[in-house]
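**Q** Below you'll find the structure I mean.
The values are calculated or read from the model by the stated rules, or taken from the named source; none is laboratory data. Please read these numbers as outputs of a predicted model, since none were measured by experiment. Glycine gets a Cβ as well: all are built from the backbone with ideal geometry, and neighbour counts include every protein chain shown. Heavy atoms of the whole protein, side chains included, go into the accessibility calculation; ligands, DNA and RNA do not. Shrake-Rupley method; radii C 1.70, N 1.55, O 1.52, S 1.80 Å.
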Amino acid sequence: MSKRLLISTIILTLFSFSFLTACGTDNQSSTQQSQGNEAAGNEQQDGMKPEAGAELLVWESKGPELDFMKAVADDFEKEYEIKVKVEPVPAIDAVKKLTTDGPAGIGADVFSSPHDQLGNAVMAGLVLQNDVFTESEKDDFMTSAIDGVSYDGVLYGFPTAIDTYALFYNKKLMEKAPKTYEEIIKFAETYNDPKNKKYGFMWDVGQLYLSYSFLGGYGGYVFGNHGTDINDIGLNNDKSIEGARFLQSFKKVLPLNINDLNDNIITGFFQEGKTAAIINGPWFISTLASTKMDYGVAPLPLLPNGEHPVSFSGIRGLYVNSYTKYPVAAKLFASYATTKQSLTKRFEMTTQLPPRKDLMDDPLLTNDPNTMAFLEQAKYSIPMPSIPEMGNVWVPASAALSSIWNDNQDPGTVLNKAVSQIKTAINTKK
């Protein structure tokens with residue numbers, strides 16, 4: 001998932017359950033790579049009988065993920081003799097487009113979407129429940145991936161990729177990846193040279209997506225009950241405040257205001273060798289591909305409380321349109337596209353992180369230390385809340401971070417104000 005996609009999905013959470021049920025399955029994925037997708041498909045889809053004459057339309061974003069989807073569609077057609085047409089529709093636009101195309105009968109049977117659009121899709125009755133995965137098959141995926149494509153305890157999506165962020169570090173400036181944030185602070189105290197714009201560590205402080213890791217690592221949260229309870233906002237609880245105080249303490253080694261900590265500045269400083277370590281996502285690897293930097297990626301360093309920072313994650317998944325004429329065939333395709341073999345191919349074609357736990361020890365991934373660093377951090381990530389009310393959080397939270405950082409205001413006072421604003425916005429829209 002590109003950075004544009006992640007940022008866009010954060011902003012575009014403002015579009016709004018009826019569902020059809022279909023046959024279950026014993027979705028056991030094959031472990032024999034030599035038998036290929038055909039054997040995996042037969043084994044996983046045991047018990048599902050597609051509708052006679054089924055033809056499917058699939059929406060996927062342009063880029064390597066579209067090429068992957070077309071390759072899977074070709075394999076699926078050969079195995080099941082079901083024609084599949086793949087069209088380029090940006091994942092961030094799919095739910096909005098489906099609100100009109102779905103009822104009109106011209107929407108995709110299967111579409112790709114970031115998980116934080118799910119709440120709106122469910123509220124609008126646009127998606128069918130994923131009743132294909134058994135409990136054991138759900139366990140093949142990272143917990144955060146399954147949680148991300150679920151809403152109100154109901155599984156809807158078929159996870160295809162997971163994104164979170166980690167620590168990039170310049171190996172010429174740091175011999176090894178820092179294990180703790182205390183190590184980073186000590187390094188910065190001797191490395192920093194503000195007159196020459198040199199700083200040991202930088203991140204986009206004002207962006208809740210990244211700064212949440214400090215609050216979450218201390219036990220804070222946005223909404224309770226796995227991000228679904230709008231009556232339980234935890235951004236101003238004691239644990240969130242403690243995390244915010246630690247975040248605020250970095251100002252002594254990063255004496256810049258938030259306006260001077262935007263993505264372009266941070267990227268430039270890191271590429272120029274002025275900053276030793278930054279927080280960023282896997283999309284940043286492509287930015288560095290054109291450079292000759294000797295860099296590494298590591299999970300986020302441990303917090304002073306000994307805990308791992310809890311990063312936000314974004315889950316991309318496939319969903320079945322509730323207006324489809326072929327619900328069984330559509331679910332069959334979505335399940336087929338998320339087998340171990342299919343997601344291995346997806347990683348090879350897109351380099352997007354596969355959300356399956358049974359790929360964690362695959363040499364394809366283990367031979368890439370940067371990929372493994374992101375996957376390790378993903379173990380400590382939680383999906384961004386997908387409920388529509390999350391759209392009321394970003395602006396007050398960003399303003400709070402600005403006051404805490406720029407003006408050195410008391411985190412408790414500032415976060416109380418932010419939560420009050422969030423509650424008012426939610427209640428106004430009820």
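**Q** Could you check segment 311-333 and list, in sequence order, the residues that are closer than 19 Å to residue 125 by Cβ, within 19 Å of the chain's Cα centre (by Cα) and of a type in the set (A, V, I, L, M)?
**A** Residue satisfying the conditions is 318 alone.
**Q** Follow-up. Return a yes/no flag: does segment 272-290 have any residue that is part of a helix (DSSP H, G or I) and modelled with pLDDT of 95 or more.
**A** no
**Q** Only residues that are closer than 15 Å to residue 113 by Cβ, in contact with a strand residue (DSSP E or B) (Cβ under 6 Å, 6 or more places away or on another chain) and either of a type in the set (Asp, Glu) or part of a helix (DSSP H, G or I) (or both): list them for segment 52-93, please.
**A** Answer for segment 52-93, where residues must be closer than 15 Å to residue 113 by Cβ, in contact with a strand residue (DSSP E or B) (Cβ under 6 Å, 6 or more places away or on another chain) and either of a type in the set (Asp, Glu) or part of a helix (DSSP H, G or I) (or both): 60, 66, 69, 87, 91.
**Q** Can residue 343 be described as in contact with a Leu (Cβ under 7 Å, 6 or more places away or on another chain) and of a type in the set (A, V, I, L, M)?
**A** Values: in contact with a Leu (Cβ under 7 Å, 6 or more places away or on another chain): yes; of a type in the set (A, V, I, L, M): yes.
In short, yes.
**Q** One residue is enough: does segment 295-311 have a residue meeting the conditions among the hydroxyl-bearing types (Ser, Thr, Tyr) and in contact with a Pro (Cβ under 7 Å, 6 or more places away or on another chain)?
**A** Scanning segment 295-311, I find no residue that is among the hydroxyl-bearing types (Ser, Thr, Tyr) and in contact with a Pro (Cβ under 7 Å, 6 or more places away or on another chain), so the answer is no.
**Q** To continue, here is another question. Being open to solvent by less than 60 Å² (accessible area, probe 1.4 Å) and either in contact with a strand residue (DSSP E or B) (Cβ under 8 Å, 6 or more places away or on another chain) or in a loop (DSSP other than H, G, I, E, B) (or both) is the filter here, so list the residues in segment 361-375 that pass it.
**A** 362, 368, 370, 371, 373, 374, 375
**Q** Name, by its number, the condition in (1) among the β-branched types (Val, Ile, Thr); (2) in contact with a strand residue (DSSP E or B) (Cβ under 9 Å, 6 or more places away or on another chain); (3) at pLDDT below 95 that does not hold for residue 393.
**A** Just one mismatch for residue 393, condition (3).
**Q** Within segment 381-430, track down each residue that is under 27 Å from residue 122 (Cα atoms), part of a loop (DSSP other than H, G, I, E, B) and either charged (D, E, K, R) or open to solvent by 20 Å² or more (accessible area, probe 1.4 Å) (or both).
**A** 429, 430, listed by residue number.
**Q** Now for a separate question. Out of (1) modelled with pLDDT of 95 or more; (2) touching a strand residue (DSSP E or B) at 6+ places or on another chain (Cβ under 8 Å); (3) over 14 Å from residue 320 (Cα atoms), what's the single condition that is false for residue 116?
**A** Just one mismatch for residue 116, condition (1).
**Q** Let me ask something else. Are any of the residues in segment 256-263 crowded, with 16+ Cβ neighbours inside 10 Å, of a type outside the set (Val, Ile, Thr) and in a strand (DSSP E or B)?
**A** No, the conditions are met nowhere in segment 256-263.
**Q** Working carefully through the options 110, 132, 127, 95, find the one that is in contact with a Lys or Arg (Cβ under 6 Å, 6 or more places away or on another chain) and open to solvent by less than 10 Å² (accessible area, probe 1.4 Å). Break it down stepwise before answering.
**A** Working: 110 fails: in contact with a Lys or Arg (Cβ under 6 Å, 6 or more places away or on another chain); 127 fails: in contact with a Lys or Arg (Cβ under 6 Å, 6 or more places away or on another chain); 95 fails: in contact with a Lys or Arg (Cβ under 6 Å, 6 or more places away or on another chain).
Step by step, each of 110, 132, 127, 95 is checked, and only 132 is in contact with a Lys or Arg (Cβ under 6 Å, 6 or more places away or on another chain) and open to solvent by less than 10 Å² (accessible area, probe 1.4 Å).
**Q** Okay, moving on. Does residue 161 count as hydrophobic (A, V, I, L, M, F, W, C), buried (at least 21 other Cβ atoms within 10 Å of the Cβ) and assigned to a helix (DSSP H, G or I)?
**A** No, not satisfied.
**Q** Is it the case, given these coordinates, that residue 336 is farther than 27 Å from residue 266 by Cα, under 22 Å from the mean Cα position of the chain (by Cα) and modelled with pLDDT of 95 or more?
**A** In short, yes.
**Q** Any residue at all in segment 184-199 that's open to solvent by 10 Å² or more (accessible area, probe 1.4 Å), at pLDDT 95 or above, under 30 Å from residue 274 (Cβ atoms) and part of a loop (DSSP other than H, G, I, E, B)?
**A** Among the residues of segment 184-199, at least one is open to solvent by 10 Å² or more (accessible area, probe 1.4 Å), at pLDDT 95 or above, under 30 Å from residue 274 (Cβ atoms) and part of a loop (DSSP other than H, G, I, E, B), which makes the answer yes.
**Q** Then there is this: Tally up the residues in segment 47-56 that are surrounded by fewer than 21 Cβ atoms within 10 Å (Cβ to Cβ) and not charged (D, E, K, R), please.
**A** Summing the residues that are surrounded by fewer than 21 Cβ atoms within 10 Å (Cβ to Cβ) and not charged (D, E, K, R) in segment 47-56 gives 4.
**Q** Could you please find all residues in segment 301-315 being part of a strand (DSSP E or B) and over 12 Å from residue 384 (Cβ atoms)?
**A** Scanning segment 301-315 gives a single hit, 302.
**Q** Name every residue in segment 288-305 that is open to solvent by less than 40 Å² (accessible area, probe 1.4 Å) and among the β-branched types (Val, Ile, Thr), in order of residue number.
**A** 297
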